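The values are calculated or read from the model by the stated rules, or taken from the named source; none is laboratory data. As the structure is a prediction and not an experimental result, all values here were calculated from the model. Cβ placement follows ideal geometry from the backbone for every residue including glycine, while neighbour counts extend to all protein chains displayed. Note: accessible area is taken over every heavy atom of the protein model, side chains too, but ligands, DNA and RNA are not part of it. Shrake-Rupley method; radii C 1.70, N 1.55, O 1.52, S 1.80 Å.
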Amino acid sequence: MSIHQQSNSIPVSENNTSSSESQSKPEDKQVEEKRLDFSNIEIPPKETLINEKGRNKTNVFCVRCPSKILNPRVSKFKNVEFSLPMMKQRRRTEIKEGSGEVEEQDAVKETINDFWEVNDIYTFENVGFTNTISGYKYLACADCEMGPIGYYDPDSKLSYVALTRVKYD
């Protein structure tokens, strides 16, 4: 089991580019975009992922690397609405006119309804947690830091992994 505390505010992507990197060749950008494209990951129908007791039937893995997130039958399916920052985005900044100060923009979010509810953080095989942001911690793969794949609620001490942000065996 591996649990990591991450210091970055939102683990959206490690591909933050500096101004010199942003002047890369067009083919470099195509390779980068292809590497970040998770649209080819097929998520099975949720009915095939949930056993008769409402628990996950299969192993749960990171979409980017082979890291296992959860073992079978350790989390319950839960329909909860929550807005998670998108996985594929760069940090957005804007330069204020006149002052030249750089201001970070809010992350683009996606509303998700289907989650695996995990009662104990030690149930995870490999997961990382961000610092607290707006009352929650975001979850990411502990090996490749892809995320957020879900969130942790410090008040209830429950973690939630989005069904659509992981893959299954």
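Here are a few things to note about the model shown:
- Filter result for Ser22 (closer than 18 Å to Ala107 by Cβ and either at pLDDT 75 or above or open to solvent by less than 80 Å² (accessible area, probe 1.4 Å) (or both)): no
- Considering region 143-162, and only residues there that are modelled with pLDDT of 95 or more and in contact with an Asp or Glu (Cβ under 9 Å, 6 or more places away or on another chain), the residue that is surrounded by the fewest Cβ atoms within 10 Å (Cβ to Cβ) turns out to be Lys157.
- Failed item, numbered, when Glu110 is tested on (1) surrounded by fewer than 18 Cβ atoms within 10 Å (Cβ to Cβ); (2) over 14 Å from the mean Cα position of the chain (by Cα): (2)
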